[in-house]
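Participant: What follows is a single structure, and I will ask about it in a moment.
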Amino acid sequence: MIVETIFSTLNASGQPNFAPMGVVWGKAEMIVRPFRDTITYRNLIETGCGVVNVTDNVLSFAHSALSRVQLPHFPALRVRGVVLEEACYWRELEVTTVGGGEERAEIRCRVVGGGWQRDFLGFNRGKNAVIEAAILATRLHLHSQSEVWAAFQHYDEIVAKTGGGQEREAMQYLYEYARRWFVAGES
Ligand SMILES: Cc1cc2nc3c(=O)[nH]c(=O)nc-3n(C[C@H](O)[C@H](O)[C@H](O)COP(=O)(O)O)c2cc1C
């Protein structure tokens, strides 16, 4: 099963990076599939380790998907890495093998540590809609403007019905990002 997580890595000089990544979840092994042009991929190759953070804070997903923001964090326990402060729980990983295709890598990792901070509240429809909108926002180049606005309107309605302040703020952030992207003519 693929779990939507926030993956944190360090570069060779110790600068943290956070990005949402779907991870094939296992007790002893995890598989992450970063595109080869991501910082996550470069850092995993450079340092050989990373941290997979599970959180129900969808604002952290929206921010880390689209910006180089340094989300609040603290040092990992068993690897050279950082844990997202908003993580409900996390696993610390060491890379074992790197495979995959030309565009997207498949990186197998051994679980060497982890921790727990609070219960995972769960994803309701509103949180789920934000996650879908965040994925869409990272793939604007693959869609027309009208497709994007139609999808955003649908997600927005779900958030209005079932979300709270965090989900509404995240949707607003994603919408503004997409609007700026199309205005800048990057389509
Ligand atoms: C929920 C979610 C899951 C994602 N899963 C992946 C993934 O498995 N692999 C990937 O390369 N990008 C994935 N992305 C897109 C990356 O998070 C996005 O391209 C990000 O900007 C990469 O950041 P980085 O260059 O700092 O590593 C996902 C985005 C979201 C919102």
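Participant: Can you tell me which residue is surrounded by the most Cβ atoms within 10 Å (Cβ to Cβ) among those in the stretch 131-146 that are in a helix (DSSP H, G or I) and within 9 Å of the ligand (Cβ to nearest atom)? Full working, then the answer.
Facilitator: Filtering the stretch 131-146 for residues in a helix (DSSP H, G or I) gives 131-137, 140-142, 145-146.
Filter again for within 9 Å of the ligand (Cβ to nearest atom), leaving 131-137.
Numbers: Ile131: 18, Glu132: 14, Ala133: 29, Ala134: 24, Ile135: 14, Leu136: 18, Ala137: 20.
The selected residue is Ala133.
Participant: Within the stretch 113-130, work out how many residues are without any contact (Cβ under 8 Å) to a residue 40 or more places away in the chain and either more than 23 Å from Ile31 (Cβ to Cβ) or outside any helix (DSSP H, G or I) (or both).
Facilitator: Residues flagged as without any contact (Cβ under 8 Å) to a residue 40 or more places away in the chain and either more than 23 Å from Ile31 (Cβ to Cβ) or outside any helix (DSSP H, G or I) (or both) within the stretch 113-130 amount to 9.
Participant: Of all residues in the stretch 81-91, which are assigned to a loop (DSSP other than H, G, I, E, B) and among the hydrophobic types (A, V, I, L, M, F, W, C)?
Facilitator: Result: Ala87, Cys88.
Participant: Would you confirm, using the coordinates I've provided, whether Arg78 is in a loop (DSSP other than H, G, I, E, B), touching a residue at least 12 places away in the same chain (Cβ under 8 Å) and exposed (fewer than 14 other Cβ atoms within 10 Å of the Cβ)?
Facilitator: no
Participant: Would you point out which residue out of Arg104, Arg91 is under 30 Å from Phe152 (Cβ atoms), in the same structural domain as Pro75 (by TED's automatic domain parsing) and surrounded by 13 or more Cβ atoms within 10 Å (Cβ to Cβ)?
Facilitator: That would be Arg104, the only listed residue that is under 30 Å from Phe152 (Cβ atoms), in the same structural domain as Pro75 (by TED's automatic domain parsing) and surrounded by 13 or more Cβ atoms within 10 Å (Cβ to Cβ).
Participant: Got at least one residue in the stretch 103-110 being within 16 Å of Ile6 (Cα to Cα) and in contact with an Asp or Glu (Cβ under 9 Å, 6 or more places away or on another chain)?
Facilitator: Within the stretch 103-110, one or more residues are within 16 Å of Ile6 (Cα to Cα) and in contact with an Asp or Glu (Cβ under 9 Å, 6 or more places away or on another chain).
Participant: Inside the stretch 10-39, can you point out the residues that are among the charged types (D, E, K, R) and surrounded by fewer than 16 Cβ atoms within 10 Å (Cβ to Cβ)?
Facilitator: Matches in the stretch 10-39: Lys27, Glu29, Arg36, Asp37.
Participant: So which residues in the stretch 40-62 are buried (at least 19 other Cβ atoms within 10 Å of the Cβ) and either among the hydroxyl-bearing types (Ser, Thr, Tyr) or at pLDDT below 95 (or both)?
Facilitator: Across the stretch 40-62, the qualifying residues are Thr40, Tyr41, Thr55, Ser60.
Participant: Just to be sure I understand, how many residues within the stretch 15-44 are in contact (Cβ under 8 Å) with a residue 40 or more places away in the chain, more than 10 Å from the ligand (Cβ to nearest atom) and not in a strand (DSSP E or B)?
Facilitator: Residues meeting the conditions: 3.
Participant: Specify which of the listed residues (Arg68, Arg118) is of a type in the set (D, E, K, R), within 10 Å of the ligand (Cβ to nearest atom), within 30 Å of Glu169 (Cα to Cα) and exposed (fewer than 14 other Cβ atoms within 10 Å of the Cβ).
Facilitator: On the way: Arg118 fails: within 10 Å of the ligand (Cβ to nearest atom).
Criteria check complete, one pass: Arg68.
The values are calculated or read from the model by the stated rules, or taken from the named source; none is laboratory data. Just so it is clear, the model here is predicted, and its values are computed rather than measured. Positions of Cβ are generated from backbone atoms using ideal geometry, with glycine treated the same way; all protein chains shown enter the neighbour counts.
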